[in-house]
Amino acid sequence: MTVEAALVVPVFLIGCLMLLSIVLLMRDNMGRQLKLHKTARETAVLAVSVQSSQSDMIRLRRVYPASLTPKCPGIQTILLENRCVVHKFNGYNAANGDVTGESEIYVYLTEHGTVYHRKRSCKHLNIDILPVSGKDVGAKRNKDGKIYDTCKKCLKLTKEELKRTTVFITDYGVKYHTEITCPDLKRSLRVVLLSQAEGRAACKDCCRE
């Protein structure tokens, strides 16, 4: 019994120490993750002033060495990793009831649009693309009761070709599109001050007083 206890107790204590070491490593890792997340949020705010053609996502990654106590045979150092992905700050403030800032008015611009928007929830910024048969598109009406006309940016089709083709429409749009990649179906947004809206007119739906 004495010999067995002399062998088992040290192994048990070493196991407890290693388990405690793992818990401490996890706590340290969580602390580092929170710091990385804070850094990412601060970077997201600063990045709003930087115009870039790259993705609006900010990705941070940190790898650091750590070790167990007591050390395991054959394991000197292990590498732990923290990752954080955030979206570049776009000026949206839910406290303002879906409207951007009050003292400094921010607006939403689309890449190919001709108007600016005050609300991110504007129906023209959140479109549902619906495929329909080209032969039926003439009878379709949008939610405002308007007919769909040919998009000038898409491939032009003859009447016979149109009948054999699937076209794309939106709930409030007034054009039908023969190409799903048409710029008018794309909603790449950027947020700018109203004074930087590049002479665009106000959206009649979301900019009403």
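The values are calculated or read from the model by the stated rules, or taken from the named source; none is laboratory data. If you're wondering where the values come from, they're calculated on a predicted model, not measured in any experiment. Methodologically, a virtual Cβ is constructed for each residue, glycine included, from the backbone with ideal geometry; neighbour enumeration extends over all protein chains shown. Ligands, DNA and RNA are excluded from the accessible area calculation, which covers all protein heavy atoms including side chains. Shrake-Rupley method; radii C 1.70, N 1.55, O 1.52, S 1.80 Å.
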Cβ pairs under 6 Å, 6+ apart, first in segment 180-209 and of a type in the set (A, V, I, L, M), second assigned to a loop (DSSP other than H, G, I, E, B): 191/90; 191/91; 194/105
Test for residue 100: is it at pLDDT 85 or above and polar (S, T, N, Q): no
With the requirement that a residue be basic (Lys, Arg) and open to solvent by 60 Å² or more (accessible area, probe 1.4 Å), what does segment 179-209 give you? 186, 187, 190, 204, 208
Inside segment 122-134, can you point out the residues that are open to solvent by 70 Å² or more (accessible area, probe 1.4 Å) and either over 27 Å from residue 162 (Cβ atoms) or polar (S, T, N, Q) (or both)? 126
Top-ranked residue of segment 145-175 - restricted to ones that are part of a strand (DSSP E or B) and closer than 11 Å to residue 129 by Cβ, ranked as most open to solvent (accessible area, probe 1.4 Å): 168
Confirm whether residue 92 is in a strand (DSSP E or B) and either at pLDDT 70 or above or surrounded by 15 or more Cβ atoms within 10 Å (Cβ to Cβ) (or both). no
Between 41, 59, which is surrounded by 10 or more Cβ atoms within 10 Å (Cβ to Cβ) and modelled with pLDDT of 85 or more? 59
